[in-house]
Structures are given as structure tokens and as C-alpha cells.
Amino acid sequence: MFKSLSPLPPDPLLALIDLHRADPRPRKVDLGVGVYRDERGETPVMQAVKKAEQRLWQEQRTKSYLGPGGDLAFFARLRDLVLGADHPAVVAGRVAGVQTPGGTGALRLAADLVRRSASDARIFVGTPSWPNHVPIMATAGIDCRTHPYFDVAMQSVLVDVMVAALGEGRANDAVLLHGCCHNPAGADLDAQGWARVEKALSARGLVPVIDLAYHGLGDGLEQDLAPARGIAARLPRAILCVSCSKNFALYRDRVGAILVVTESAEEARVVQSVLESAARVLWSMPPDHGAAAARLVLEDEELRAEWRAELDTMRARIAGLRQALAAAGRAAGLKLDAIARQKGMFSTLPLTPAAVEGLRRDHAIYAAPSGRINVAGLTLEDVAPVVEALGRCAGE
Ligand code: PLP
Ligand code: TYF
């Protein structure tokens with residue numbers, strides 16, 4: 001039965017977790033997998049979430065099944081957080097959606113929805129992207145069309161290339177977009193770039209699939225969500241894949257949602273039934289605990305304010321690290337200024353695989369083979385030695 005199988009490579013990002021753990025050197029820096037760390041190098045449970053969990057433990061009377069849509073009150077709260085309760089699509093009842101196991105589950109459902117809507121639909125994906133994007137889409141049977149998005153050497157977004165690629169789109173094709181804090185580039189479209197992309201989507205009847213995994217960690221929650229909200233207000237259809245892994249620090253609890261903006265309330269009802277049906281055969285229903293905790297946070301004014309403050313502290317720490325890296329780079333004669341302009345947890349540096357290997361071997365600094373660094377993996381104390389090591393390895 002299994003004799004025909006051959007081993008498949010592990011996810012290079014997740015593989016770094018084990019490599020770093022096994023390294024006996026006392027001073028080691030993990031800039032690999034994308035988890036937020038505080039100044040002590042920890043990824044704590046957020047206080048607001050902890051309090052909500054405590055309440056859940058005290059007050060929850062049953063763990064009986066919910067439906068394939070998960071916690072409906074969580075979904076409504078998250079929808080209103082992401083789009084805004086006064087968003088025209090929300091007000092008109094044009095938003096379908098379900099709670100999903102993380103942003104990954106939302107992306108998988110998005111793929112199923114696109115494919116069930118139009119069996120010949122393709123999806124455009126800019127490269128580099130999160131390494132799971134193309135496999136998720138391809139496994140769901142969608143033809144992925146990749147185009148360059150980011151020039152690592154120039155540290156610039158290739159908006160002309162992107163708009164030209166979308167010009168090849170056919171009606172009902174999908175386009176994967178990073179809503180904010182691009183993984184792995186850290187470089188997002190500017191306002192003009194978003195406008196050009198929106199025009200291309202509109203002109204060719206393309207449907208945006210907007211991945212939102214890092215909102216709140218760039219310029220602030222509202223600012224980070226603004227492009228997705230705008231597109232979802234002006235185009236007839238949009239799919240938003242929302243993760244609560246980073247901004248609620250719920251990673252392993254697997255919390256997320258897919259929001260589908262449709263043309264009419266009637267279309268929303270049909271899409272809702274398709275999503276629930278697709279979820280049923282994939283995972284029956286999503287895990288409850290983390291979503292229930294996030295719901296309590298969003299429902300309670302005090303917990304919500306505490307969560308927003310904690311998220312803001314995370315955002316400010318990352319912004320401070322970005323400034324510190326750029327300043328240390330200037331002092332060392334390295335060109336790291338782009339890091340200070342970029343947003344969210346990641347930047348991708350023009351490092352060869354040999355340079356990344358050198359960082360690991362000689363300096364116990366773990367970065368992804370692509371040259372991606374998780375800025376949130378640094379402490380302020382790490383900045384000077386990391387920049388010095390970059391100076392030593394950059395030429396390799
Ligand atoms: N999208 C992007 C861009 C990501 O970086 C991640 C990674 O965590 C996800 C989606 C998936 O998130 P989740 O862990 O919630 O499935
Ligand atoms: O890009 C990252 O590092 C995060 C975490 O299969 C992650 O998004 C990486 C790989 C993966 C799942 C999560």
C-alpha cells in the first residue's frame with residue numbers, strides 16, 4: 001500500500017523550529033518561523049485572552065457540537081472587527097462566512113469556493129509568498145499562476161509586473177493578495193498600487209482573495225485593514241481569509257474565519273450553504289476553545305480594550321526593532337533602511353543560501369533559507385550582534 005510513496009520535504013520554516021531547539025549554544029537568535037516574541041523572547045498568551053479563558057472555564061456548561069459554521073457570535077464579532085459594523089456589505093447582509101481552523105482553513109475553503117463556483121478558475125499568486133499558499137490552492141485543484149511581486153535586491157514591490165500579470169486574467173479568476181504586512185517581503189502595495197490593482201480586478205472581473213494574518217502589527221488595526229475594507233466595499237465580490245493566530249496569539253488553538261462579500265443578500269445565502277457544506281467534509285466543524293475566547297474578548301468592552309492595548313504594544317515593539325535595525329545598519333555601512341519602511345513581522349534580505357547558512361553556523365542566527373527574517377524574533381539587545389553578523393556573512 002505505502003510502498004509507492006516517497007518522503008516529502010518538511011516545511012522549511014517549521015523545520016527551523018527543531019534546528020534552533022537542538023542548538024546547544026547559549027546565545028542563539030531565532031529569526032525563523034513567524035511567531036511574535038516579546039523582549040524576553042517569549043510568545044505569551046495575551047492577558048485579555050487568558051482572562052476570557054478563565055471565564056470560559058468557569059462558565060462553559062457544555063462542549064456539545066456546534067455546526068460547521070462554528071461559533072456564530074464569534075464570526076459576527078470578527079466580521080465586524082475586520083470589515084467594520086457599518087461596512088456597506090455588512091449592513092446589506094451581503095457577507096457570508098464561517099469560522100475556520102486558522103487562516104489556513106480559511107484559505108482552503110476559499111480555494112474550494114472558487115473551484116466550485118468556476119471549475120476552470122485560476123488563481124494569481126505573487127512571488128515570493130507564504131510557502132503554503134500555492135500548495136493549498138493546488139491541492140484544492142486550482143491552477144496557480146505566479147508572477148513576480150517583490151524585487152529582493154531592490155527591496156521594491158513590482159507593481160507594474162503585477163498589474164500586467166493581472167491583465168492576463170479571465171472573468172472569475174481569483175487573485176491572492178496580502179492585505180497587509182506581506183509575508184515574506186514586509187513590503188505592501190502603497191495607496192496608488194492598491195488603486196491600480198483594484199482597477200485591474202474590476203476591469204477583468206477578477207475576485208480578490210485577501211489574506212489577513214498580521215493586521216494590527218503594521219501601522220495599527222484600522223490602518224492595516226483599510227485596503228481590504230475599501231476593496232470589499234467597491235468590488236461586487238471579495239474573499240477575506242482571516243487568521244487570529246498572530247494578533248490574538250492563539251496560534252495552536254487554530255482560530256480564523258473566511259468572510260465572503262457577495263453581490264446580494266440572496267447570493268450570500270447560497271455561498272453560506274456552500275461554505276458550510278465544504279467545511280463539513282473537510283473538518284466537520286472548527287475547534288471551539290480559541291474562538292470562544294476571542295469572542296469573549298471582542299464582546300466585552302474592557303477585555304477588548306486590554307487586547308487592543310496588548311496588540312499595540314506588540315506593534316510598537318516591532319516598529320522599534322525595525323528602526324533599530326536600520327540605524328545599526330547605517331552605522332555599519334549596510335543598507336538596511338528598507339527594513340524601517342516595511343511592516344509586520346517579516347523582511348526578506350538579499351542573502352544567499354550560503355550567507356544564511358553562515359549566519360546559522362558561525363553566529364547561531366536562524367533565518368529562513370530565502371533570506372527572510374522574523375523581526376519580532378529579535379530583542380533590542382540582539383540588534384547590534386545580528387547586524388554585525390550580517391555584515392560578516394552578507395558577502396557569502
Ligand atoms: N497567511 C499567511 C500570510 C501566514 O503567514 C500564515 C501563517 O501563519 C497563515 C496565512 C496561516 O495562519 P494560521 O496559522 O492561522 O493558519
Ligand atoms: O510564515 C511563517 O513563518 C508563519 C508560520 O506551514 C507558519 O506563517 C509557517 C509555515 C507553516 C505554518 C505556519
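Worth pointing out:
- Computed from Cα positions, the angle between helix 301-332 and the longest principal axis of the chain comes to roughly 30 degrees.
- Estimated D of the chain in µm² per second, where Rh is the Kirkwood radius over Cα pairs and Stokes-Einstein applies at 4 °C, 1.567 mPa s: 59
- Based on alpha-carbon atoms, the Kirkwood radius and the radius of gyration of region 65-299 give Rg/Rh equal to 0.94.
- Scaled against 2.2 N^0.38 Å for its residue count N, the alpha carbon radius of gyration of region 1-148 is 1.39.
- Column: log10 I(q)/I(0), Debye, Cα scatterers of region 301-353, q = 0.32 Å⁻¹: -1.16
- Basic side chains Lys and Arg get +1 at the Cβ, acidic Asp and Glu get -1 at the Cβ, and with that the dipole of region 167-206 about its Cα centre reaches some 140 debye.
- Per-residue ellipticity at 222 nm computed for the chain from its helices equals -15000 deg cm²/dmol, with DSSP H segments shorter than 4 residues left out and the rest contributing -39,500 (n - 2.57).
- Region 255-297 versus region 323-349: alpha-carbon centroid distance in Å: 39
- The chain - percent relative contact order, Cα under 8 Å, separation 6 or more: 26
- The value of relative contact order for region 112-154, using C-alpha pairs under 8 Å at least six residues apart, is 45 percent.
- Charging the Cβ of each Asp and Glu at -1 and of each Lys and Arg at +1, and nothing else, the dipole of region 273-396 about its Cα centre rounds to 580 debye.
All of the numbers you see were taken from the coordinates with simple rules; none came from a lab. Keep in mind it's a predicted model, so treat the numbers as computed, not measured. Every residue, glycine among them, receives a Cβ derived from its backbone with ideal geometry; neighbour counts consider all protein chains shown.
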